[in-house]
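To start, the structure itself, in structure tokens.
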Amino acid sequence: MADIYKPSLNKKMFSFLVVLVSALQVVSCIDDSLLQCNSSCAVYDFKYFVDKLLQQERELSTYQSLTNCSAVALQAQIEAVEDLAFYPPLIYGGKKYLIAQLFFQTQSSRVAITRCGAFGGYLAEIDDTDEYAALKTFIDSTPNVNMIMISGSDAATKGTLLFQRTGQPVPVIAWAPNEPNLIEEENCLYLWRDFDNLMMDDACEYIPFDTTFMCEIPI
Ligand SMILES: [Ca+2]
Ligand SMILES: [Ca+2]
């Protein structure tokens, strides 16, 4: 029987567990009253999300060694978690783009980068105007979101945006009206749906209600 095990699978399993732990940490910080949420407020249905993760953790624990079948099953489990945590994806240019559902948002660009990495990617990097146009259409088709964190930070030098992953300059800039503010703590780059998905700078460590992040994952 052909051996379909790949070295990256162990990494993916580890990444999955990172996501699991992150999600449980999020839940551990929320008020108990939110756990009473039911399907009438699905956006914050943490209990459903946690139950699914725990169920999948139990199934993962049965994989003492990776056989052909369990490797396929594990990939299916990872994709199931992806479906829970993100809105339906965009496939463009050999990449998968994922916008985190609002209950999976984070209050830190560092955590957002970790969560994208857990799924094999990074904060979305707009490399050219075609990619930017595709992402604008994608955001317009995604419900409930307004500000979407993408890759880009000027924490090192105010006014000079660099991709966090590579340190390279952000090549496409299209500011929304009155942006960038260049306020000291506004070091991260966002797309702003209310302004035709033009760009704004805002804080990396504070995310209001309708803000989330977008991952880009090579496929
Ligand atoms: Ca890109
Ligand atoms: Ca700003």
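Overview of values
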item: Cα point-scatterer Debye curve for region 65-136, base-10 log of I(q)/I(0) at q = 0.14, 0.17 Å⁻¹; result: -0.54, -0.75
item: Simple spin-label estimate for N146 and L182 in nanometres, 7 Å along Cα-Cβ; result: 2.6 nm
item: Bins of 5 Å, starting at 0 and running to the largest distance - Cα pair percent for region 69-206; result: 2, 9, 19, 23, 22, 13, 6, 3, 2, 1, 0
item: Shape call, region 151-202: gyration tensor on alpha carbons, a/c limit 1.5; result: oblate
item: Ascending count of other beta-carbon atoms within 10 Å, so fewest first, for I113, I150, I99; result: I113, I150, I99
item: Unit charges on C-beta of K, R, D, E only; dipole of region 62-202, Debye; result: 500 debye
item: Within region 105-141, backbone nitrogen closer than 19 Å to the virtual label 7 Å beyond the Cα of Y48 toward Cβ; result: 105
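Computed from the coordinates by the stated procedures, all read-outs in this text should not be read as laboratory data. Note that the structure is a prediction, hence the values are computed from the model and not measured. Positions of Cβ are backbone-derived with ideal geometry, glycine not excepted, and every protein chain shown enters the neighbour counts.
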